[in-house]
Amino acid sequence: MNSINQSVRLLSGCDMPLVGIGTYKVRSSDIFRVLDESLNSGFRAIDTAAVYKNEEAIGTALKSLLPKYNLKREDLFITTKLSPSDNGNPEGIRKAVETSLNALGTTYVDLYLIHWPGASKIPENSSDNSELRSVTWKTLVDLHKQGLLKSIGVSNYNIIHLQQLVANCDDVKPSVNQVECHPHYRQDDLLKYCTQEGIHLQAYSSLGSSDNDALLNDPVVRQVSSTLNVSPARLLLKWALQRGIGIIPKATKTAHIRDNIKLGFTIDKDSMDLLLNLPQQKYAWDPSNVN
Ligand SMILES: NC(=O)c1ccc[n+]([C@@H]2O[C@H](COP(=O)([O-])OP(=O)(O)OC[C@H]3O[C@@H](n4cnc5c(N)ncnc54)[C@H](OP(=O)(O)O)[C@@H]3O)[C@@H](O)[C@H]2O)c1
């Protein structure tokens, strides 16, 4: 089956496409063109966040793009995220969800994530962070039960953050943990823990982010991709899928968008092993100091 049609059954009972598009740093003025090309290419999942400031552009674009592609709202999977500035504030969280729903032009989101384990107004090492996370989760569980958030999850949580949450989650475990993950930052232990708990690990910055081409230019990545006759980007995306990890590549160039759905090939074991032995380096923000 083409990977673009594959989905994962989340703990919530909802199905999420394993492949979606990322929209971090996609300017509002580019959103229509990027979504048009992405839907045309077959993508059916969109990842955004309150802090990306493009939810409204996405909502506006979808008003005309859904009829253009003969799609209904339920044919799409939309993820958005709570800004760290709203962590721990139930009233602020309810307002933030309402604002995102209005901006996106929808009555529900498919997945709502706590973007970051820390609250932006207090230091990362403050012991208050864990209590604020707990308050946030309880509020999201309530909004989930009301049907506004079909699935709820977290982002940038490490094993300790997850263990605290699972121990005190009001019987609703996070469906997803969205984290940086690629051959330069494999997340082996986190993947193992999430798999044990049934939490789907979704990768961000699979291509090393918009600010860094070290991963796409890694000599081993280039050598393996040339041997398999695929682009380095396709290799990196397939590497994640073969580990059971969802992907949300961001691409603004048409050629990139079209490249990123061509994932119907297999990476052989020797090539996977080469990619699983690269030196490790983190490119995005690091939650390890968030208490
Ligand atoms: N939860 C979080 O904290 C968090 C953090 C970061 C990202 N995310 C999410 O994850 C998504 C993806 O991560 P990311 O934005 O960091 O970056 P990414 O997907 O790792 O990489 C994006 C970069 O790769 C380029 N690219 C895309 N397809 C390509 C291809 N086929 N060949 C060569 N280059 C290609 C893009 O170029 P062009 O744009 O020029 O096409 C862009 O420069 C984000 O957009 C966002 O939705 C979440």
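The values are calculated or read from the model by the stated rules, or taken from the named source; none is laboratory data. Only a predicted model underlies this, so the values are computations on that prediction, with no experimental measurement involved. All Cβ positions, glycine included, derive from the backbone under ideal geometry; neighbour counts span all protein chains shown.
See the values below:
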{"item": "Residue check, V154 within 30 Å of L216 (Cα to Cα), touching a helix residue (DSSP H, G or I) at 6+ places or on another chain (Cβ under 9 Å) and at pLDDT 95 or above", "result": "yes"}
{"item": "Complete set of residues in region 132-144 that are surrounded by fewer than 19 Cβ atoms within 10 Å (Cβ to Cβ), among the charged types (D, E, K, R) and touching a residue at least 24 places away in the same chain (Cβ under 8 Å)", "result": "K138"}
{"item": "Which numbered condition L18 misses (of (1) free of Cβ contacts under 8 Å to residues at least 24 places away in the same chain; (2) under 18 Å from I257 (Cα atoms))", "result": "(1)"}
{"item": "Only one of L274, L207 that is free of Cβ contacts under 8 Å to residues at least 60 places away in the same chain and under 23 Å from K81 (Cβ atoms)", "result": "L207"}
{"item": "K68 being under 27 Å from K262 (Cα atoms) and charged (D, E, K, R)", "result": "yes"}
{"item": "Flag if R73 is under 30 Å from T195 (Cβ atoms), away from the ligand (no atom under 14 Å from the Cβ) and basic (K, R)", "result": "no"}
{"item": "Residues located in region 98-132, provided they are β-branched (V, I, T) and assigned to a loop (DSSP other than H, G, I, E, B)", "result": "T106, T107, I122"}
{"item": "Out of N125, N156, N129, sole residue that is in contact (Cβ under 8 Å) with a residue 12 or more places away in the chain, over 27 Å from E74 (Cβ atoms) and touching a Phe, Trp or Tyr at 6+ places or on another chain (Cβ under 8 Å)", "result": "N156"}
{"item": "The lone exception for F265 - which of (1) of a type outside the set (D, E); (2) away from the ligand (no atom under 11 Å from the Cβ); (3) surrounded by 14 or more Cβ atoms within 10 Å (Cβ to Cβ) it fails", "result": "(3)"}
{"item": "Residues being assigned to a helix (DSSP H, G or I), touching a Lys or Arg at 6+ places or on another chain (Cβ under 8 Å) and within 14 Å of the ligand (Cβ to nearest atom) - total across region 29-56", "result": "5"}
{"item": "Pair list, Cβ < 6 Å and 6+ apart or interchain, from region 175-193 residues that are under 17 Å from L18 (Cβ atoms) to residues that are aromatic (F, W, Y) and buried (at least 18 other Cβ atoms within 10 Å of the Cβ)", "result": "N177/Y157; Q178/Y204"}
{"item": "Residues of region 249-283 classified as of a type in the set (S, T, N, Q) and not in a loop (DSSP other than H, G, I, E, B), total", "result": "2"}
{"item": "Test: residue in region 249-260 that is surrounded by 15 or more Cβ atoms within 10 Å (Cβ to Cβ) and closer than 16 Å to Y185 by Cβ", "result": "yes"}
{"item": "Matching residues in region 91-127 - criterion: being of a type in the set (A, V, I, L, M, F, W, C) and either crowded, with 16+ Cβ neighbours inside 10 Å or within 16 Å of the ligand (Cβ to nearest atom) (or both)", "result": "I93, A96, V97, L101, A103, L104, V109, L111, L113, I114, W116, A119"}
{"item": "Options K95, K25, K81, K63: the member that is in a loop (DSSP other than H, G, I, E, B) and out of contact with any helix residue (DSSP H, G or I) (no Cβ under 6 Å at 6 or more places or on another chain)", "result": "K25"}
{"item": "Top-ranked residue in region 208-265 [being more than 14 Å from P183 (Cα to Cα) and of a type in the set (D, E); ranked as modelled with the highest pLDDT]", "result": "D259"}
